[in-house]
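The values are calculated or read from the model by the stated rules, or taken from the named source; none is laboratory data. Quantities reported herein were computed from a predicted structural model and do not represent experimental measurements. All Cβ positions, even for glycine, are placed from backbone atoms using ideal geometry, and neighbour counts span all protein chains on display.
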Amino acid sequence: MVLSYELRPALRSIDEAHREVLSTTIRALRPLVPELARRGTSDLVIGGRKVSGNSLRCKRRHLLYHGTLLYSFPLELIGDLLAEPPRAPDYRAGRPHAGFVANLPASGIDLRAALATTWQAEEPMLEWPRALTEELTREKYSREEWNWRKC
């Protein structure tokens, strides 16, 4: 998500950016996942298990807020795909990936619809860098060595 500082000046504070985006995301998903909560700096959890990790990139006039929402993910693969992080939030309590992450109990269609409604992002984006997107997809994101490397 790209958010304008002009429209939301409080987002210049990283803590405020995480608070606003994650609280809005929780509000959007609460009808689907009533027990969804924020933990750590930028995680969303269900019962202490991480279902969403997020980050942001600050620019001069806007920020890019990006993250994951795990749903229907083959969790048995996660230990093979992710290296152990160099630092972890306290609530992880030393658990390996398999005991720390979970899937959201909702479909991708329902998650996208709830987020689009809450963020008022229901109209399709007509202008975007199509050629660059196609190039990155072809040369990087569709390649097995990119998708199956251990991060």
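Specify the residue that is nearest to residue 109 (Cα to Cα); the eligible residues are those in region 122-133 that are under 22 Å from the mean Cα position of the chain (by Cα) and of a type outside the set (A, V, I, L, M). In this case the residue turns out to be 122. Just one of the numbered conditions (1) over 20 Å from residue 121 (Cα atoms); (2) modelled with pLDDT of 95 or more is not true of residue 40; which one? Answer for residue 40: the failing condition is (2).
Candidates 136, 63: the one that is more than 21 Å from residue 18 (Cβ to Cβ) and either surrounded by 10 or more Cβ atoms within 10 Å (Cβ to Cβ) or in contact with a helix residue (DSSP H, G or I) (Cβ under 6 Å, 6 or more places away or on another chain) (or both) is 136.
Cβ separations smaller than 7 Å between residues 6+ apart or across chains give the following pairs from region 35-55 residues that are among the charged types (D, E, K, R) to residues that are outside any strand (DSSP E or B) and buried (at least 17 other Cβ atoms within 10 Å of the Cβ): 38/22; 49/100; 49/102; 50/100. What single numbered condition from (1) surrounded by 15 or more Cβ atoms within 10 Å (Cβ to Cβ); (2) in a strand (DSSP E or B); (3) hydroxyl-bearing (Ser, Thr, Tyr) fails to hold for residue 71? The failed condition is (2). Of everything in region 1-18, what is more than 17 Å from the chain's Cα centre (by Cα), assigned to a helix (DSSP H, G or I) and not aliphatic (A, V, I, L, M)? Give them in sequence order. Result: 9, 12. Tallying residues that are in a helix (DSSP H, G or I) and surrounded by 14 or more Cβ atoms within 10 Å (Cβ to Cβ) within region 19-49 yields 9. Does any residue of region 123-140 turn out to be among the aromatic types (Phe, Trp, Tyr) and touching a residue at least 24 places away in the same chain (Cβ under 8 Å)? No, every residue in region 123-140 fails to be among the aromatic types (Phe, Trp, Tyr) and touching a residue at least 24 places away in the same chain (Cβ under 8 Å).
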